[in-house]
Amino acid sequence: MEDLQITLVLLVLVGFIALLIAGATNKVVIYYDIKDFAISFAPWGLLLITAIIASFYEKENQEHLQVIQKIMWLIGTLVAAVFFYWSIRLSIFYNRSVSVGIIVGLFKVISALIGVLVVVSSVLKIMDKKSSMRDVMWAMLIISIFAWLGKKLINGEQVYIAKGWALSESASQ
């Protein structure tokens, strides 16, 4: 069982790197434009904001506030699910293939989670008074790499030009 798990993790990692390379070399559309990029990150941002807001109510021990928390989590999760669906739907639309679109869409959603976690932890490291100058520089380097990577993967127009496709008119599909 452990060998199977290691194999699956390696396959996912190789697939992730292959998609990253395919996007960076304009073989597939990762993010068509900045709006597509934002839609992919929106679910995680929404869930993070929901967690922060819900945590304000944890300090209270009143039952009706727990109900408010549950309602907030339900709404936040439903809206995040809509953004997940929208992101995958855009990937299918922009790549003009259901199979490629689903794979790219899942890649976008997972990489957005990784990006949010890494950037938030880097920002927290920068803001931590106990961080050394070296820690701050590493955090800034990591944020810069993620920003560059994000910019590189907004490649819709380049892929369409490389494949000879007409540029998409409906970016909010």
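The values are calculated or read from the model by the stated rules, or taken from the named source; none is laboratory data. Only a predicted model underlies this, so the values are computations on that prediction, with no experimental measurement involved. FYI the Cβ positions are ideal-geometry reconstructions off the backbone, even for glycines, and counts take in every protein chain you see.
Yes or no: the range 104-113 includes at least one residue that is more than 10 Å from the chain's Cα centre (by Cα), surrounded by fewer than 17 Cβ atoms within 10 Å (Cβ to Cβ) and assigned to a helix (DSSP H, G or I).
Keep residues of the range 104-113 that are more than 10 Å from the chain's Cα centre (by Cα), which gives 104.
Adding the requirement that they be surrounded by fewer than 17 Cβ atoms within 10 Å (Cβ to Cβ) leaves none.
Scanning the range 104-113, I find no residue that is more than 10 Å from the chain's Cα centre (by Cα), surrounded by fewer than 17 Cβ atoms within 10 Å (Cβ to Cβ) and assigned to a helix (DSSP H, G or I), so the answer is no.
Evaluate the following for residue 84: is it in contact with a Pro (Cβ under 6 Å, 6 or more places away or on another chain) and touching a residue at least 40 places away in the same chain (Cβ under 8 Å)?
Against the criterion (in contact with a Pro (Cβ under 6 Å, 6 or more places away or on another chain) and touching a residue at least 40 places away in the same chain (Cβ under 8 Å)), residue 84 qualifies.
Might you let me know whether the range 70-91 holds any residue that is aliphatic (A, V, I, L, M) and under 26 Å from residue 14 (Cα atoms)?
Yes: one or more hits.
Restrict the check to the range 149-164 and report whether at least one residue is surrounded by fewer than 18 Cβ atoms within 10 Å (Cβ to Cβ), at pLDDT below 90 and not in a helix (DSSP H, G or I).
No; the residues of the range 149-164 include none that is surrounded by fewer than 18 Cβ atoms within 10 Å (Cβ to Cβ), at pLDDT below 90 and not in a helix (DSSP H, G or I).
Cβ-Cβ below 7 Å, separation at least six or inter-chain, first residue in the range 39-67 and closer than 17 Å to residue 105 by Cβ and at pLDDT 80 or above, second among the aromatic types (Phe, Trp, Tyr) and part of a helix (DSSP H, G or I): which pairs?
Within 7 Å, the pairs are 39/83; 39/86; 42/83; 43/83; 43/84.
Here is a list of conditions, (1) out of contact with any Leu (no Cβ under 6 Å at 6 or more places or on another chain); (2) in contact (Cβ under 8 Å) with a residue 12 or more places away in the chain; (3) more than 14 Å from residue 20 (Cα to Cα); (4) not charged (D, E, K, R), and residue 160 meets all of them except one; can you say which number that is?
With respect to (1) out of contact with any Leu (no Cβ under 6 Å at 6 or more places or on another chain); (2) in contact (Cβ under 8 Å) with a residue 12 or more places away in the chain; (3) more than 14 Å from residue 20 (Cα to Cα); (4) not charged (D, E, K, R), residue 160 is out only on (1).
Any chance you could count how many residues in the range 122-149 are farther than 23 Å from residue 37 by Cβ and among the aromatic types (Phe, Trp, Tyr)?
Looking only at that region, the number is 1.
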